[in-house]
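Student: Pasting a structure here, questions to come.
The values are calculated or read from the model by the stated rules, or taken from the named source; none is laboratory data. Everything numeric in this text was worked out from a predicted model, so none of it was measured. When we count neighbours, we look across all protein chains shown, and the Cβ atoms used for this are built from the backbone with ideal geometry, even at glycine. When the accessible area is computed, the model is the full protein with side chains, heavy atoms only, and any ligands, DNA or RNA have been set aside. Shrake-Rupley method; radii C 1.70, N 1.55, O 1.52, S 1.80 Å.
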Amino acid sequence: MNNPFVTNGYVSPKYFCDREKETAKIVSLLTNENNIALISPRRIGKTDLLRHCFQQPEIKEKYHTFIIDIYATSSVRDFVNVFGKAITNPSATLDEIFSYLNHADRPCLVAIDEFQQITKYADDANIEAALRTHIQRCPNAHFVFSGSHRHLMGAMFTSPARPFYQSVTLINLAPISLEKYTEFCCRHFTQEGKELLPEVVINLYKRFEGITSYMQKVMNILFTMTPEGGRCLPEMTDIAIKDILDLSSDTYETLLYQMPEKQRAVFQAIAAEGKAEAISGGNFVRKYRLISASSVSSAAKGLLEKDFITFDKGIYQVYDQFFLLWLRYKEGGLL
């Protein structure tokens, strides 16, 4: 690799940071016939962790593995097509897919990414029950249900009224530790004859709250900016981030323009607040001169459905942190 800070998926253990305990836990659970629900916000690195686990010798040499991303699906038909394409072919039925898995010459491990998407399908309210039944009748395959919407995933696997209740081991994935990520970054700089001051990583980690995707993109540019024999300094971070924002400016401008007016106003208000609470309350509505509490609630629902914002533990935030920085930078704020 020309640049050790990979931004487009899993490459190899050399460029994968830590997750030693999580890897060992997931591998142990899967090789002992357990199903898993892996939950964390997006961009933390769930999918790369699963690819890393599936590359471990005890899995790679003994199992067939599949990772299926259903984020873009909007119906059971879409789901079955994506699932079938990964396992057999796009025209397969659920019965045929699970029959193939059950009769494969090796045990199978199937990771379904963004699994909470199945709760949004309008064409079949019984998809959870159907999948649960198929899985129970397929002892040759075990599953990882990976999801980024904590409340949707939690409801599926912890509610006694739902088909998947108590059918998995729940794992909540936290960000990589600051210590491990700092060591990872500094080591790769040193191996390429460059120096990285630990303060650079510390500041970056705090700024993006340990979210791997954002940190990796900035570190990728910082590595490029630092010549062999050179030193990466804290003041270079803003230059790297500005470079990312400049490249994405047209995209963000278009996304903002395409939002309905009421959604755009609420989106910008949440961005200005940073971490917004009680957004339909009078104080928030007056502070940002919004129309009414009901219009804010309606707009927030639309923004959540499109993943422009997130909602967790009573707090609304802009989902894309680079989008958030671009908005502030556009308004003349500091990075």
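Student: Output the peptides 33-39, 240-246, 165-171 sorted from most to least packed, where packing is the average of other Cβ atoms within 10 Å over each peptide's residues. Walk me through the numbers on the way to the answer.
Tutor: Values: 33-39: 19.4, 240-246: 17.6, 165-171: 15.3.
Descending packing order for the listed peptides: 33-39, 240-246, 165-171.
Student: Just to confirm, what accessible area per residue do you get for the range 38-84 at 1.4 Å probe, in whole Å²? Walk me through the numbers before you get to the answer.
Tutor: Values: 2110 Å² over 47 residues.
Accessible area per residue: 45 Å².
Student: Any idea what % of Cα-Cα pairs in the range 202-307 are farther than 17 Å? Write down the numbers at each step before the final one.
Tutor: On the way: 3547 of 5565 pairs.
Counting every Cα pair in the range 202-307, those more than 17 Å apart make up 64 percent.
Student: Right, something else. Are any of the pairs 206/301; 21/301; 62/85; 194/275; 60/180 more than 32 Å apart by Cα-Cα distance, and if so, which? Walk me through the numbers on the way to the answer.
Tutor: Numbers: 206/301 29 Å; 21/301 37 Å; 62/85 22 Å; 194/275 37 Å; 60/180 26 Å.
Too far apart for the 32 Å limit: 21/301; 194/275.
Student: Here are some values of P(r) over Cα pairs in 20 Å bins from 0, in percent: (1) 29, 50, 13, 6, 2, 0; (2) 32, 59, 9, 0; (3) 27, 53, 20, 0. Which one was computed from this structure?
Tutor: (3)
Student: Further question on the same structure: Excluding same-chain residues fewer than 8 positions from residue 46, which aspartates and glutamates have a Cα within less than 14 Å of its Cα?
Tutor: 18, 20, 22, 69, 113, 114
Student: A further question follows. For the chain, what proportion of DSSP beta bridges, expressed in % and rounded to the nearest 5, is antiparallel? Let's see the in-between values first.
Tutor: Details: 5 of 27 bridges.
The answer is about 20 percent antiparallel.
Student: Still on this structure: State the Cα centre-to-centre distance between the range 216-233 and the range 8-58 in whole Å.
Tutor: That distance is 27 Å.
Student: Name the aspartates and glutamates eligible as straight-distance cross-link partners of residue 287: C-alpha to C-alpha under 16 Å, and not fewer than 8 places from it in the same chain.
Tutor: 273, 277
Student: How big is the gap, in Å, between the Cα center of the range 104-119 and the Cα center of the range 300-315?
Tutor: The range 104-119 and the range 300-315 have Cα centres separated by 26 Å.
Student: Using a probe radius of 1.4 Å on heavy atoms only, what accessible surface per residue do you get for the range 187-335? Whole Å² is fine.
Tutor: Details: 7920 Å² over 149 residues.
It amounts to 53 Å² per residue over the range 187-335.
Student: Taking the Cα-to-Cβ direction at residue 7 and at residue 199 and moving 7 Å from each Cα, how far apart do the two end points lie in nm?
Tutor: 2.5 nm
Student: Follow-up question, since we're still on this one. May I ask you to give the percent of accessible area on the range 194-300 that is carbon plus sulfur, with a probe radius of 1.4 Å?
Tutor: On the range 194-300, the fraction of accessible area on carbon and sulfur atoms equals 50 percent.
Student: Taking amide H atoms as placed 1.01 Å from N in the peptide plane, list the residues 5 or more away in sequence, or in a different chain, whose amide H sits under 5 Å from that of residue 111.
Tutor: Residues meeting the amide H criterion: 66, 67, 68, 144.
Student: Roughly speaking, what is the centre-to-centre gap between the range 259-296 and the range 144-197 when only Cα atoms are used, to the nearest Å?
Tutor: Their Cα centres are 30 Å away from one another.
Student: Let me ask something else about it. Restricting to DSSP H runs of at least four residues, report the calculated mean residue ellipticity at 222 nm for the chain, -39500 (n - 2.57) per run over all residues, nearest 500 deg cm²/dmol. Kindly include the intermediate steps, with their values, before the conclusion.
Tutor: Values: 15 runs with 168 residues, N = 335.
Using -39500 (n - 2.57) per qualifying helix, the result is -15500 deg cm²/dmol.
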